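Heads up, the thing below is written out as structure tokens.
The values are calculated or read from the model by the stated rules, or taken from the named source; none is laboratory data. Note that the structure is a prediction, hence the values are computed from the model and not measured. In this analysis, Cβ positions are derived from the backbone assuming ideal geometry, glycine residues included, and neighbour counts consider all displayed protein chains. Each accessible area value is taken on the protein alone, full model and side chains, heavy atoms only, with ligands, DNA and RNA left out. Shrake-Rupley method; radii C 1.70, N 1.55, O 1.52, S 1.80 Å.
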Amino acid sequence: GLGTSLFVFGERDRLAADRAHLQGEILRAEQLVRTRLTYYEEGLRGGVSLFRCSRFVGRDEWAEYARALAGEERFPGIRGIGYVKPVAPAEFAEYLSAVRADGAPDFKLRRVPGIPDSLARTADSLRYVITYIEPYERNRPALGLDLASEPARRLAADRARDTGQPTMTSRIQLVQDQ
């Protein structure tokens, strides 16, 4: 009867309104994610600018840059900001000496834990080494990590190098969170 028809029409209208509301919420969430990723990208691009404008960026300069970013306030959810140096095998000994002389006397190269040898790059391949990381105390376990020793990190680093664009990895376990 009429009561059933009104219920069906009312229910259909309510479902349409719910769908429209949900679609609006999805669009707002997408925009918030895009905005946040843009902030993070700007922080990375600022680091690139620091290296392009300086003859030498040392550990202290990187730490000051990270402090000036006000990372935890402006970049919620970011654990830290680091500088990853691509190092060719022939340059590794010189690189290691320079990093140790720049305030990290115990610096050593480390592989991503838990990655089988069959998936890790060999010693004769390009390495992507976390050379600076801030805030240091919270991120100390990441210092010296060779991102090329794990396929997802290596793929993202290769893509970023080849395109000049920030690149996200698939989901990874941070060594700081072990």
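Taking the protein heavy atoms of the chain in the context of the full set of protein chains, the accessible area attributed to carbon and sulfur is 57 percent at 1.4 Å.
Multiplying the residue separation of Arg140 and Arg55 by 0.36 nm and subtracting their alpha-carbon distance yields 28.0 nm. The angle between the Cα long axis of helix 2-53 and the main principal axis of the chain comes to about 20°, on a 0 to 90 degree scale. How much of the pair distance distribution for segment 21-87 lies past 14 Å, counting alpha-carbon pairs only, in percent? For segment 21-87, the fraction of Cα-Cα distances above 14 Å is 65 percent. Considering the chain as a Gaussian network with a 10 Å cut-off on Cα pairs, which listed residue, Ala16, Ala70, Ala88, attains the greatest mean-square fluctuation? The residue with the greatest mean-square fluctuation here is Ala16.
For segment 41-123, the set of chymotrypsin sites (Phe, Trp or Tyr not before Pro) satisfying both a DSSP loop assignment and a count of at most 12 other C-beta atoms within 10 Å is given as Phe56.
The trypsin sites (Lys or Arg not before Pro) of segment 105-138 meeting both criteria, a DSSP state outside H, G, I, E and B (loop) and at most 15 other C-beta atoms within 10 angstrom of the site's C-beta, are Lys108. When only DSSP loop residues count, what trypsin sites (Lys or Arg not before Pro) in segment 23-74 have their Cβ near at most 15 other Cβ atoms within 10 Å? Those that pass, being in a loop and sparsely packed, are Arg55. So, R0 is 35 Å and r is the distance between the beta-carbons of Arg28 and Gln176; what FRET efficiency does that work out to, to 0.05? About 0.65, to the nearest 0.05. For the pair segment 102-116 / segment 17-62, the C-alpha centres are spaced 28 Å from each other.
As a calculated quantity, the FRET efficiency between Ala98 and Ser118 at R0 = 30 Å, using C-beta atoms, amounts to about 0.40.
Considering the chain, its Cα convex hull presents a mean projected area of 15.3 nm².
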